[in-house]
Amino acid sequence: MLIIDGFCFACGEKNLSGLKLKIEPREERVGSHSRKIAVSEFIFSKEFQGYGGVVHGGILSTVLDELMIYALFYENMPTVTAKMEVVFRKKAFVEEVLKGKAWILKVRDKMAEAEAEIMDSKNEIIASGKGLFAKVDDILKQS
């Protein structure tokens, strides 16, 4: 059983050192059909940089992971990450408005695949990720 207690590094509101990502479900048109996605908008301060002024790649990887987890969660599939691959395309700068989105690629019996992207203010892709996620039986949400 997984316990949601508000201290998640990525999205927990109680975690004073965390990212406090606000992730929401949306519908997105793709060609002639629509799909459910998880979306977020965020700005990172200098505390989350690697090189001067550049957001640390591990932080971007965390965001991609969390977005994919939420895309699955919004489809009633609580999961944990089994494997993830990230591709970095350009620098993300601190104090810049960034946007992320994730969607489900494939669902199998006990596993699911998802994909995510982080874009800059010009809608250019900064980083993308694909992941394999293991479904979990139950979660408990604590107040």
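The values are calculated or read from the model by the stated rules, or taken from the named source; none is laboratory data. Values in this document were obtained by computation on a predicted structure and should not be read as measured data. We place every Cβ from the backbone using ideal geometry, glycine too, and count neighbours over all the protein chains shown.
Some points to look at:
Table: residues versus (1) out of contact with any strand residue (DSSP E or B) (no Cβ under 7 Å at 6 or more places or on another chain); (2) more than 25 Å from Ile4 (Cα to Cα).
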{"residue": "Leu72", "(1), (2)": "no, no"}
{"residue": "Lys90", "(1), (2)": "no, yes"}
{"residue": "Glu96", "(1), (2)": "yes, yes"}
{"residue": "Gly100", "(1), (2)": "no, no"}
{"residue": "Gly131", "(1), (2)": "no, no"}
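- Scan of the stretch 49-61 for residues that are of a type in the set (A, V, I, L, M, F, W, C) and within 16 Å of the chain's Cα centre (by Cα), ordered by number: Val55, Ile59, Leu60
- In summary, strands (runs of 3 or more DSSP E) completely within the stretch 54-143 and bearing 3 or more residues that are in contact with an Asp or Glu (Cβ under 8 Å, 6 or more places away or on another chain) and charged (D, E, K, R) occur at 98-107.
- Qualifying residue in the stretch 26-39 (condition: part of a loop (DSSP other than H, G, I, E, B), more than 30 Å from Lys110 (Cβ to Cβ), under 15 Å from the mean Cα position of the chain (by Cα) and not aromatic (Phe, Trp, Tyr)): no
- Near pairs, Cβ below 8 angstrom, 6+ apart or cross-chain, from the stretch 126-139 (of a type in the set (Ser, Thr, Tyr)) to any residue that is part of a strand (DSSP E or B) and surrounded by 15 or more Cβ atoms within 10 Å (Cβ to Cβ): Ser128/Val86; Ser128/Glu115; Ser128/Ala116; Ser128/Glu117; Ser128/Ile118
- Close pairs from the stretch 22-49: first at pLDDT below 95, partner part of a loop (DSSP other than H, G, I, E, B), Cβ under 8 Å, at least 6 apart: Lys36/Tyr74; Lys36/Glu75
- Qualifying positions in the stretch 76-90 - surrounded by 15 or more Cβ atoms within 10 Å (Cβ to Cβ), farther than 11 Å from Ala116 by Cβ and free of Cβ contacts under 8 Å to residues at least 60 places away in the same chain: Met77, Thr79, Phe88
- When restricted to residues that are in contact with a Phe, Trp or Tyr (Cβ under 9 Å, 6 or more places away or on another chain) and surrounded by fewer than 16 Cβ atoms within 10 Å (Cβ to Cβ), the stretch 107-125 contains 1.
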